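Heads up: the structure comes next, in structure tokens.
Laboratory data are not the source of any read-out in this text; all were calculated from the coordinates shown. A quick note: this is a predicted structure, and the numbers were derived from the prediction, not measured. Cβ atoms come from the backbone with ideal geometry, glycine included; neighbour counts cover every protein chain shown.
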Amino acid sequence: LASVGETREFAIRDSIAKANEHHRRVFSFGVGYDVNAPLLTGIATATRATSTFVLPNENVEAKVSQTFRRLAGPQLASPRIEVLDATGNVTTQAVRELLPTEIGDVFEGDQIVLFGQYRGEGPLTFRLEGDAPDGPRSFAFAFDLDKASTRNAFVPRLWANRKIARLIDAIAQGGADGPSKLGEEQMKELTSEIVRLSLEFGILTEYTAFLATEGSDLSSREVITVQAGDNLRNRAQNE
């Protein structure tokens, strides 16, 4: 954790971006629990690299070896996904709310996990493109969604969980360097969306765990939003 000199997270991230004139990848490595994981992850993600964390009971050598393999370069750089319509043309209408919004470079052993909402009834067709070590590569995928069943009911909750995490991170980063940079209306909007997703998909976080308390009035959305907002301010931003 930064304790000497510049300690503000935003300023540290900004100084790294300005100093990285040649757009080098910055791989981050954290050992133990007492590391600033959001800061290390943010630096790595912003520079198209990866972050690695080793918990006390994990094998350090295995994680170090994994990081060194990644230093050789990505298997697919600057990946891009394009959704295609029935005629094979690129469309922006078929999917929405893609998470993550930007796909990072893919290194050895990595997977691309992309969540989104599909609006349509026909097969979902998309193309993955990127730069491989031997040149540009393109991969085509198609999913016949009429075979979907209740066995896939967990997928929307995965999307909602990722969405909630992103909203919480936005709130936390807004207050990472002291007083919140988020306005009252923006804070309320983010909190309301977290509460809505928590109730709709049955997802509890450390900031909305009170929803499971016996006697909680889930019909009072305004009261719930205020309480969740207080938790987010006092814990996500100030801790």
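Summary table
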| item | result |
| --- | --- |
| Residue-averaged [θ]222 nm for the chain, counting only DSSP H segments that reach four residues, each worth -39500 (n - 2.57) | -11000 deg cm²/dmol |
| P(r) tail fraction, the stretch 78-166 - alpha-carbon pairs more than 22 Å apart, % | 34 |
| Förster radius 22 Å - calculated FRET efficiency between Gln186 and Arg157, Cβ distance, rounded to 0.05 | 0.25 |
| Debye log10 I(q)/I(0) for the chain, one point scatterer per Cα, at q = 0.13, 0.18 Å⁻¹ | -1.07, -1.42 |
| Where labels lie 7 Å past Cα in the beta-carbon direction, separation of Gln93 and Arg8 in nm | 4.6 |
| Fraction of alpha-carbon pairs over 20 Å apart in the stretch 121-225 - percent | 60 |
| Estimated Rh, the stretch 1-120: Kirkwood, alpha-carbon pairs, angstrom | 16.8 |
